[in-house]
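See below for the structure under consideration.
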Amino acid sequence: MEFEIWMVLGIPLFFALGWLAARVDIRQVVSESRTLPRGYFKGLNFLLNEQPDKAIDAFIEIVQFDPETADLHFALGNLFRRRGEVERAIRVHQNLLARPDLPPAQHAKGRYELGMDYLKAGLLDRAEECFNQLRDTAYDGQARRALLEIFQREKEWKRAIESARALQESGAGTRQKEIAQFYCEMAQDALVHMHPDDALALLDEALQVDRSNVRATILTGDAQLAKGEVEAALVSWRRVEQQSVPHVALVAQRLMDGYRKVGRPAEGLSLLKSYLAEAPSIDLLEVVFKAVSEAEGVEAAKQVVLEELRRSPTLLGLDKLLEARLMDAPAAVMSELSMVKNLVHGYTQKLARYQCSHCGFKARQFYWHCPGCSQWETYPPRRTEELNVMN
């Protein structure tokens, strides 16, 4: 009975304590709101009325008298940058940095945010200048990553390699994949300008950094072919199978052309058939289909497509089968078959694309560097429909 009396007496007591705590909190909020500058509420009012320019002016006026409101400017500048209003973001951060008594930590943050504004606006020279001024600050690592992005955009691959290696040495994670790709970019440029020896030297560097880099192996074969060393090129392209079986589809046409040049087309076709049996691929099927059609005739080519369609039923495979049927179809069914082929082909154009595994960006051609998210080696060497069937 004594326990129940204490419970009854405790309820009003707890209620009274809660009421007092609420009163204290309300008074504290009111007290803090009175200490805020009038310009703060003025700026908020402009924002609510969709007058961002006037809001910026109001907030800038605040920071001239109260440096503690710098965080407000950082938030506002980031908001504008995310909305794509980069000029306004730049204005906010420039005015913040113009304050002579801004604390060093906030000055470094403002410099970094201004650099990000310039980067978003495509003003790469100004962005680079901002990030270079952040060496040995709390934003050193972030600035180095931003500089690496700038060097990639400007295709300054040597500086990108230096920057990536510096990041790697600082403990920011491995950058071997990116460094190897930068060497490949320089090698690709050397091949375009007909300097295969320079390309081979760069590709050797790439493979030393990343032995599994398929692109470097493919380009090595291209450089050897440019020098007239067809047999060596075939050896390099065949090495792709050891690195990644699905990627053999990217070198299938190179291999077939190479074996034709050395007078051994049957050997090349046999090799590609073995690849197709091991790693089904629409792109690989396309090369095998054409080679079989030329070497063994239309009927044999149709059989190859039919067998592949039975093993891996896709609309892309059906499109290829209809193409094979049209090659020797009777005149009586040619029109109907052609109509069906056109309908299927029109739909498969949406499926015959490569898709980035990081951001989902789709493209008709294969990319080593995604145009959507700027990530390296995120495109599987298979078309989207094939990936969906596999999953």
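How much FRET efficiency would the formula 1/(1 + (r/R0)^6) give for residue 124 and residue 278, where r is the Cβ-Cβ distance and R0 is 35 Å, rounded to 0.05? Intermediate values should be presented prior to the final figure.
Values: r = 45 Å, r/R0 = 1.29.
According to the calculation, E is roughly 0.20.
Using Cβ counts within 10 Å as a stand-in for footprinting exposure, how do 225, 202 rank, fewest first? Mind dumping the intermediate values first?
Values: 225 21, 202 25.
Starting with the residue having the fewest Cβ neighbours, the order is 225, 202.
Evaluate the relative contact order of region 93-250 (contact order divided by residue number), counting alpha-carbon pairs under 8 angstrom at least 6 apart; express in whole percent. Write down the numbers at each step before the final one.
Details: 177 pairs, mean separation 18.8, N = 158.
Here the relative contact order equals 12 percent.
Can you sort 137, 217 by how many other beta carbons sit within 10 Å, fewest first? Kindly include the intermediate steps, with their values, before the conclusion.
On the way: 137 17, 217 24.
Ranking 137, 217 by Cβ neighbours within 10 Å, fewest first, gives 137, 217.
Suppose the chain between residue 294 and residue 71 were pulled fully straight at 0.36 nm per residue; how much longer would it get relative to their current alpha carbon spacing?
Contour length minus the Cα-Cα distance gives 73.3 nm.
Treat the count of other C-beta atoms within 10 Å as a stand-in for reagent exposure and order 383, 364 from fewest to most.
Details: 383 24, 364 9.
Placing the least packed residue first, the sequence is 364, 383.
Whole-Hz ³J(HN,Hα) for each residue in region 252-264, computed from phi via Karplus 6.51 cos²θ - 1.76 cosθ + 1.60 with θ = phi - 60°, x for glycine and proline: what do you get?
Listing the rounded values in order: 4, 5, 4, 5, 4, 5, x, 5, 5, 5, 8, x, 10 Hz.
With the cut-off at 1.5 for a/c, could you classify region 118-220 from its C-alpha gyration tensor as rounded, prolate or oblate? Numbers along the way, then the final one.
Numbers: a/c = 3.10, a/b = 1.70, b/c = 1.82.
Oblate shape, in that a/c is at least 1.5 and b/c is the bigger or equal ratio.
Each value in this text was obtained by applying a stated rule to the coordinates, not by laboratory testing. Because the structure is a prediction, the values reported are computed rather than measured. Cβ coordinates were reconstructed from backbone atoms using ideal geometry, including for glycine residues, and neighbour counts include every protein chain displayed.
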